[in-house]
Structures are given as C-alpha cells and as structure tokens.
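Report on the structure given below.
The values are calculated or read from the model by the stated rules, or taken from the named source; none is laboratory data. Predicted, not measured: the structure shown is a model, and the values here were computed from it. Glycine gets a Cβ as well: all are built from the backbone with ideal geometry, and neighbour counts include every protein chain shown. We work out accessible area using only protein heavy atoms, side chains counted, and drop any ligands, DNA or RNA first. Shrake-Rupley method; radii C 1.70, N 1.55, O 1.52, S 1.80 Å.
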Amino acid sequence: MADSDIPHTPPLLLPDAIHHAIQPGAAVLRLETTRSREGLLDGAWWPRTRDIGTELPALISVLTGHLGPITRVGVDASAWNDLPARLVIDGRVVHLDSDPVGDDTVLITRGHNDHFALLVVPPDTTADAAREAMARAVRADNITQAAQILIATTPEPEDSDADTEG
C-alpha cells in the first residue's frame, strides 16, 4: 500500500494551534506515542482561578479523552483553595494528593504508575506570557523546569517610580 493510500487522520491539536488565541482554562498537551517521553513536561494548563474544585474537572475530562481514566492528581496544596481528598469527575473518583511539586506543576496519574507533568500557568498571567510559557512547556526537547519557564516568560514590571521622580 502506498503512503498516499493510507488514510491520514489529523492530530487533535495541530502544532501551530499554540499561536491561536489562548484563554484562561486552556490546556495544551504534548502526548507522545512513544515510551520515551524525553521532555521534562508533558503539557501545560492555564486555570482561570485557584479553585481546584472548579478548575480540575474540565482538565481531567479532556485528559481522560486522550489518556484514559485518570486516577490521581498531585498538586501543591498551598497553591490551591480548599484542596479536597478526592473529586468525582465524569462519574469516576479522582484522588487529589498534596505533593510538594510547587505551584507551577500538576502531576497527573493514569493507571498505577504512569505520570504526566503539566506546567500550571498562574491564572493572572497575560495571554502573551501564557502562550509563550505553554509553547515552551510542550516542546519535545524541553529540559527547563516549570518555575524557570514561568520566570523567563513573565514580563518585567514597568518601573512606575521613574515617572514620579523629578
């Protein structure tokens, strides 16, 4: 069978999709089809708020469609408001673990021991900075820690004192 005879299925997320408008609540994923997941992060998530009970169900629903059932989520409890021990999402129990992963990372577990690490873009991040951070996180060759990606993509605050000095 020639290559032209093989039906082509478009990917669920095109590589250039990161350049389209990204709104808070978006998840950008790099789901490799090989066992070798060499990048440090498997994706990125930009929640609208720090309310885990409101934000997590949509993320888990999307991830379940791509990865299968999600069993656990590890987050830094200090980064989220009122972290419950579990949530029921789409009729399945998802356990939430308080892990010292930092407020910039969420760990997703499917099965017993298959982990995916996602960059968490802070809710108050500008759209341009969020888009850049998410694009860096999903690069297959990314070896930069989540915190460093956020530092590198956060614009420097404008110096308002310079305008008031005389």
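Along the principal axes of its C-alpha atoms, what lengths does region 68-157 span, in descending order and rounded to whole Å?
41, 30, 24
Around THR153, with a cut-off of 15 angstrom between Cβ atoms, what is the net charge of the other residues, counting Lys and Arg +1 and Asp and Glu -1?
Cβ neighbours under 15 Å give a net charge of -2.
Using a 1.4 Å probe, how large is the accessible area of VAL106, given in Å² and rounded to the nearest 10?
Approximately 0 Å² of VAL106 is accessible to the 1.4 Å probe.
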